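Report on the following structure.
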Amino acid sequence: MTDHYRPQSEDEARDVIRQALETGMALSVIGGNTRSGLGNCVAADAELCSTGLCGVVDYEPGEMVMTARTGTPLFEIEAALSANNQMLAFEPVDHRGMMGTQGEPTIGGVFLSNASGPRRLSAGAARDSLLGLRFVNGRGEAIRAGGRVMKNVTGLDLVKLLAGSHGTLGFVTEVTFRVLPRPETQATIVLYGFDDATATNAMAAAMAQPADVSGAAHIPRASAASLSGVLGEDTAITALRLEGLSASVAVRATSLAARLSAFAPTVTVDAAESARLWRAIRDVAPFQTFQDRPLWRVSVAPTAGHRLVAALRQKAEADALYDWQGGLVWLQMNGEPQADVLRRTIAAIGGGHATLMRASAAQRVAISAFEPQPVAIAALSARIKAKLDPAEIFSPGRMAPDIRKTMQIAGMRG
Amino acid sequence: MSQPIAFLPPRADVLSQRERIIADLGRLLPDGGLVHEARELVPFETDAYVAYRQLPLAVALPRTTQEVSAVLDYCNRNGVPVVPRGAGTSLCGGAIPQPDAVVLGLSRMSAILEVDLENRVARVQAGVTNLSISETVGPEGFFYAPDPSSQLACTIGGNIGMNSGGAHCLKYGVTTNNLLGVTMVLMDGTIITLGGSHLDSAGYDLLGLVCGSEGQLGVVTEATVRILAKAEGARPVLFGFATSHEAGACVADVIGAGIIPVAIEFMDKQAIEICEAFAKAGYPLHVGALLIIEVEGSEAEMEAMLAAIVAIARRHGVMTVRESQSATEAALIWKGRKSAFGATGRIADYICMDGTVPLGKLSHVLQRTEEICTGLGLRVANVFHAGDGNMHPLILFDANDPAEAAKAEAAGNEILKVCVEAGGCLTGEHGVGIEKRDLMRFQFSQADLDQQMAVRYAFDAGWLLNPSKVFPLEGRPAA
Ligand SMILES: Cc1cc2nc3c(=O)[nH]c(=O)nc-3n(C[C@H](O)[C@H](O)[C@H](O)COP(=O)(O)OP(=O)(O)OC[C@H]3O[C@@H](n4cnc5c(N)ncnc54)[C@H](O)[C@@H]3O)c2cc1C
């Protein structure tokens with residue numbers, strides 16, 4: 001791959017894409033490239049990069065809505081929001097640590113990978129915050145989808161379709177999203193020493209309380225050990241976060257702690273320590289050290305997470321970290337990725353999906369990064385892709401339902 | 001005077017085969033699952049957009065996903081249009097049939113299949129009513145958040161069709177934010193399952209695409225929805241203002257101050273009078289505009305939030321602030337609000353608009369709405385979800401007077417143009433249906449619409465599912 005296109009405007013992007021269409025050139029669509037390892041290997045002739053499309057276009061703090069060009073660095077967005085005491089509700093994950101990448105994440109990359117952190121549990125995913133976007137489709141046409149208001153059911157929701165499409169359906173040039181007021185304070189209730197099953201019960205009990213828990217995670221002992229600096233205990237940590245007005249957080253913390261005392265004594269940590277802990281959970285700090293160990297991100301029903309891990313451990317050695325009340329399982333494998341075993345186990349415990357986040361080049365070629373879909377859904381997805389990108393110019397193979405197809409494409413392009 | 005809204009011309013080949021189609025479908029749906037006598041078809045001739053009505057060819061009432069699949073497969077092979085239907089409470093004509101179409105009604109699929117409190121999900125059949133989910137999980141301390149005013153009647157399938165919202169969506173989001181999975185049948189009879197009890201999807205977000213697709217992509221037969229723990233307490237508070245302008249400005253300031261109550265509902269003088277006469281909710285009658293702001297949580301939380309809201313309201317010259325003193329009173333306040341459409345329907349015919357506008361434009365759009373309606377000699381009542389800018393002007397008219405009906409439709413179109421020009425959209429929660437179909441070009445370019453329609457083709461290449469809706473009839477691309 002030699003060529004690198006970095007259009008400075010939507011018009012320039014259309015020119016590049018039309019040229020690609022004419023010459024049969026496949027484009028690998030990238031932003032800050034901090035998530036370049038996400039998805040299957042892409043067979044492309046050139047890179048199409050969003051970082052030339054930079055800057056906040058419109059920000060109305062009073063309306064809690066921002067529009068930005070997709071290549072805008074995330075830190076710029078967050079700085080602008082911070083200055084107005086606002087934030088992205090879904091707590092975007094920073095993938096650099098776990099994926100061993102460098103560079104600056106872009107706001108486009110965040111939405112295109114639906115990169116949602118711990119607050120996804122209570123405030124929705126990145127896709128839930130996304131209100132509208134502009135993109136150039138595979139025909140070189142500029143398309144607008146959605147809008148800039150919270151409630152909008154006018155026509156088909158292409159916004160959701162494009163969110164999390166990893167650049168395979170179009171080159172998104174601009175995103176409009178909802179933001180939320182930053183909570184006045186936060187506190188985290190911590191329970192120590194639980195095994196995974198007990199922790200799952202405790203988290204479910206907490207979520208059944210009217211306490212507005214905005215984060216529920218469990219870090220088993222083996223994973224907590226590498227959480228150096230945060231909480232600093234050599235034992236499992238089960239964490240429940242409360243956010244809001246100071247008076248309200250204090251009241252909720254007391255009543256939730258009282259409820260959970262049936263499980264074990266609780267400790268309530270203050271705002272600063274709480275923030276550090278949730279950042280570590282969000283970015284999967286415990287699994288950043290051993291870059292040579294395969295890393296999976298698994299989404300299952302909350303109570304199925306620990307059962308999945310227990311069943312998997314019959315066959316393979318793995319460390320786990322649970323977020324989203326136990327339903328988001330980060331799995332670091334001590335050895336092979338064990339894709340087949342993992343995916344069979346997920347199916348057996350009631351379904352979900354596993355995404356390969358980190359693996360060696362050889363492993364990535366052999367394993368489908370995204371959960372393989374049932375035939376009917378894969379066929380439907382392929383038909384949809386063909387309606388947006390008929391000539392398959394955008395990141396061919398990245399979300400391909402069948403890894404062999406990717407390899408064929410790669411082979412064809414030599 | 002505007003033209004009546006057109007449907008696609010009926011397919012002559014389908015109409016001429018009516019008897020055979022009925023016989024064939026009857027075999028697929030034993031136990032009276034096929035309705036075809038003219039008299040029995042009448043209840044299906046329209047929905048809550050009653051200005052338009054036509055009898056369908058037949059009505060299929062399947063009991064299982066397999067039966068839905070058999071019906072769709074048959075209709076697909078025989079080129080018969082299908083109009084999915086829940087409770088028929090659509091306000092935009094989304095469920096209105098056409099003479100060559102089979103209505104596929106989900107009313108016999110109304111079971112709650114599974115309640116899983118630990119994972120906070122409920123799995124239900126598509127024909128289950130919205131309210132019955134909250135009623136089922138309520139005793140355990142949970143609820144299903146999206147609460148359209150029609151929740152007693154409307155179905156989850158219809159809610160998914162329209163991505164419905166409700167008064168409490170300001171905090172909890174609309175249907176798409178509370179939907180985890182569906183089982184649905186594509187037009188060719190293929191049964192697919194999207195999502196489940198887990199979060200987010202492995203591939204493209206097809207669930208997000210299906211939600212709000214107005215029965216055009218497939219027929220939903222089952223849904224997995226998220227249920228939430230009920231707040232410790234909730235308290236609606238009435239804020240009366242002299243004018244709509246002050247009330248609108250207060251809403252923008254509350255949100256702008258970073259306060260997000262569970263609900264901020266708005267009523268103007270006209271609406272207050274109509275609702276009070278009907279529900280006797282104790283709304284103040286001397287004010288020009290009313291906000292119902294609901295806060296929830298512990299006593300301390302509610303107090304803290306209310307204090308902040310009251311301070312802002314005072315800056316906008318609030319005339320009365322009244323907290324509900326009991327659960328009964330709180331229920332009455334909501335009853336008044338939720339019966340707004342029904343109460344209006346008792347005094348006049350009305351059409352209900354549904355545009356959403358940025359909060360900063362609320363006052364402006366309210367004023368334009370008033371000007372447009374009075375300019376045409378029509379009365380208008382405004383009652384809507386102000387916190388998210390989702391307006392519902394109710395334009396009153398006399399359906400027996402065709403000239404006035406046409407004026408009402410024209411006023412509605414004018415108002416929606418104002419919404420789009422203000423940076424908003426045509427419909428916030430009621431959907432496009434037939435009502436706003438021909439206005440889609442106000443909001444989207446032809447390229448935007450072509451892209452949406454192309455995606456629609458990926459699901460239903462023969463354009464058989466609810467074919468007269470959502471997209472302007474002219475300018476549809478060839479398959
Ligand atoms: C008095 C009143 C108050 C209302 N208040 C609100 C409100 O507060 N908020 C709000 O959002 N709406 C409101 N509505 C509108 C209406 O109730 C909603 O749109 C509701 O979701 C429709 O549900 P239904 O079961 O009646 O569906 P229907 O009207 O039967 O159908 C609605 C659409 O969904 C499609 N559909 C139905 N079932 C399925 C299925 N199983 N699979 C695929 N497609 C399907 C239909 O084809 C149609 O396009 C109100 C309506 C009335 C009459």
- Task: Ratio to report: Rg/Rh of region B:12-105, with Cα atoms as the point set and Rh obtained by the Kirkwood method; give two decimals.
- Result: 0.94
- Item | Listing of region B:102-143 residues, each with accessible area lower by at least 10 Å² in the full protein assembly than in the chain alone (probe 1.4 Å) | B:Glu118, B:Asn119, B:Arg120, B:Phe142
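Can you give me the % of accessible surface on chain B that is carbon or sulfur? Probe 1.4 Å, all protein chains present, nothing else counted.
54
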- Query: What translational D, rounded to a whole number of µm²/s, comes out for the protein assembly as shown from Stokes-Einstein when the hydrodynamic radius is the Kirkwood one over Cα pairs, at 10 °C and 1.306 mPa s?
  - Reply: 57
- Note on the structure: Excluding residues fewer than 8 positions from B:Lys280 in its own chain, the aspartates and glutamates with Cα under 15 Å of it are B:Glu329
- Query: Mean residue ellipticity at 222 nm from the helices of chain A, using -39,500 (n - 2.57) per DSSP H segment of n ≥ 4 over the full residue count, to the nearest 500 deg cm²/dmol?
  - Reply: -9500 deg cm²/dmol
- Task: Using only alpha carbon pairs under 8 Å that are at least six residues apart, calculate the relative contact order of chain B and give it in whole percent.
- Result: 15
- Message: Set the bar at 28 Å for Cα to Cα. Now go through A:Lys160/B:Lys338; B:Lys171/B:Lys338; B:Lys230/B:Lys436 and name every pair that lies beyond it.
- Response: A:Lys160/B:Lys338; B:Lys230/B:Lys436
- Item | 10 Å Cβ neighbours from other chains, averaged over peptide A:123-132 | 3
- Query: Between rounded, prolate and oblate, where does region B:234-338 land on the alpha carbon gyration tensor, with a ≥ b ≥ c its root eigenvalues, rounded for a/c under 1.5, else prolate if a/b exceeds b/c?
  - Reply: oblate
- Task: Give, as ranges by residue number, the residues of region A:186-224 whose backbone N falls under 15 Å from the point 7 Å along Cα→Cβ of B:Ala300.
- Result: A:186-189, A:211-212
- Task: Kindly state, to the nearest 0.05, the FRET efficiency for B:Glu329 paired with B:Glu40, given R0 = 35 Å and r defined as their beta-carbon distance.
- Result: 0.20
- Note on the structure: Per residue of A:181-194, other chain Cβ atoms within 10 Å number on average 1
- Message: Can you give me the distance in nm between label points at A:Ala258 and B:Asn78, each placed 7 Å from the Cα along the Cα-to-Cβ direction?
- Response: 6.5
- Item | Distance in nm between pseudo-label sites at B:Val310 and A:Ser246 (7 Å out along the Cβ direction from Cα) | 2.1
- Item | Note, ³J(HN,Hα) from phi for region A:118-124, Karplus 6.51, -1.76, 1.60, rounded to Hz, x at Gly and Pro | x, 6, 3, 4, 10, 10, x
- Query: For A:Arg358, which sequence-distant residues (separation of 5 or more, or a different chain) have an amide H within less than 5 Å of its own amide H, given hydrogens modelled in the peptide plane?
  - Reply: A:Leu295
- Item | Helix A:339-348 vs. chain A, principal-axis angle (Cα, 0 to 90°, nearest 10) | 60
- Message: Just the number please: accessible area per residue for chain A, 1.4 Å probe, all protein chains included, in Å².
- Response: 35
- Decide, for region A:184-254, between rounded, prolate and oblate: order the square roots of the alpha carbon gyration tensor eigenvalues as a ≥ b ≥ c, take rounded if a/c falls under 1.5, and otherwise choose prolate if a/b is larger than b/c, else oblate. oblate
- Report relative contact order for region A:290-366 in percent, whole number only (criteria: Cα-Cα under 8 Å, sequence separation at least 6). 44
- Note on the structure: Once normalised by the length of region A:185-285, the mean sequence separation of its alpha carbon contacts under 8 Å that are 6 or more apart gives a contact order in percent of 42
- Task: Quick one: which residues, 5+ away or cross-chain, put their amide H under 5 Å from the amide H of A:Thr173? H built at 1.01 Å from N.
- Result: A:Arg134, A:Phe135, A:Val136
- Query: Just from its helices, what would the mean residue ellipticity at 222 nm be for chain B, if runs of 4 or more DSSP H residues each count -39500 (n - 2.57) and the sum is divided by every residue, rounded to the nearest 500 deg cm²/dmol?
  - Reply: -10500 deg cm²/dmol
- Once both label points are put 7 Å beyond Cα along the C-beta direction, the A:Ala271-B:Gln3 separation in nm becomes 6.1
- Item | C-alpha long axis of helix B:327-338 to longest principal axis of chain B, angle in ° | 60
- Task: Work out from phi, with θ = phi - 60° and the Karplus expression 6.51 cos²θ - 1.76 cosθ + 1.60, the ³J(HN,Hα) of each residue of region B:164-179, listed in order in whole Hz, and give x for Gly and Pro.
- Result: 5, x, x, 5, 8, 6, 4, 8, 9, x, 9, 3, 4, 7, 10, 9
- Kindly tabulate the residues in region B:439-479 with an accessible-area decrease of at least 20 Å² between the chain alone and the assembly of all protein chains, using a probe of 1.4 Å. B:Gln443, B:Phe444, B:Ala447, B:Asp448, B:Gln451, B:Gln452, B:Ala454, B:Val455, B:Ala458, B:Phe459
- Where A:Arg35, B:Arg368 fall by accessible area, highest first, once all protein chains stay in place (1.4 Å): B:Arg368, A:Arg35
- Item | Surface accessible to a 1.4 Å probe, per residue, for the residues of region B:348-421, Å² | 33
- Item | Net length gained if the chain between A:Gln363 and A:Arg313 were fully extended (0.36 nm per residue, minus Cα distance) | 16.0 nm
- Message: Can you compute the label reach from B:Ala12? Point 7 Å from Cα along the Cβ direction, backbone N cut-off under 20 Å, restricted to region B:52-83.
- Response: B:57, B:78-81
- Note on the structure: Any lysines whose Cα falls less than 19 Å from that of B:Lys361, other than same-chain ones fewer than 8 residues away, would be A:Lys151, B:Lys417
- Task: Classify chain A as rounded, prolate or oblate from the Cα gyration tensor: take a ≥ b ≥ c as the square roots of its eigenvalues, call it rounded if a/c is under 1.5, otherwise prolate when a/b beats b/c and oblate if not.
- Result: oblate
- 10 Å binning of all Cα-Cα separations within region A:290-366, expressed as whole percents from 0 upward: 21, 58, 20, 1
- Query: What list of ³J(HN,Hα) couplings, whole Hz, do you get for region B:301-314 from phi and the Karplus terms 6.51, -1.76, 1.60, once you set θ to phi - 60° and write x for glycine and proline?
  - Reply: 5, 4, 4, 4, 5, 4, 4, 5, 5, 4, 4, 5, 4, 4
- Query: Considering only protein heavy atoms and a 1.4 Å probe, what is the carbon-and-sulfur percentage of the accessible area of chain A?
  - Reply: 49
- If the viscosity is 0.692 mPa s and the temperature 37 °C, what translational diffusion coefficient in µm²/s does Stokes-Einstein give for chain B when Rh comes from Kirkwood over Cα pairs? 142
- Total accessible area lost when A and B pair, probe 1.4 Å, Å² to nearest 100: 6100
- Only Lys, Arg, Asp and Glu count, each charged at its Cβ (+1, +1, -1, -1), so figure out the dipole size of chain A about its Cα centre, rounded to 20 debye. 940
- Report the accessible area of B:Tyr204, computed with a 1.4 Å probe over the heavy atoms of all protein chains in place, in Å² rounded to the nearest 10. 20
- Here, trypsin sites (Lys or Arg not before Pro) of region A:286-330 satisfying both criteria (DSSP loop; at most 14 other Cβ within 10 Å) are A:Lys315
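Suppose every Lys and Arg Cβ carries +1 and every Asp and Glu Cβ carries -1, with no other charges. What dipole size does region B:12-105 come out with about its Cα centre, to the nearest 20 debye? Display every interim value, and only then the final one.
Working: 8 positive and 11 negative charges, 10 e Å.
In total the dipole reaches around 40 debye.
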- Message: Under a Cβ-only charge scheme (Lys and Arg +1, Asp and Glu -1), can you give me the dipole magnitude of the protein assembly as shown about the Cα centre, in debye to the nearest 20?
- Response: 1060
- Net length gained if the chain between B:Ser107 and B:Ala277 were fully extended (0.36 nm per residue, minus Cα distance): 57.9 nm
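The values are calculated or read from the model by the stated rules, or taken from the named source; none is laboratory data. Worth saying up front: this structure is predicted, and the values here are computed from it rather than measured. All Cβ positions, glycine included, derive from the backbone under ideal geometry; neighbour counts span all protein chains shown. For accessibility, only protein heavy atoms count, side chains too; no ligands or nucleic acids. Shrake-Rupley method; radii C 1.70, N 1.55, O 1.52, S 1.80 Å.
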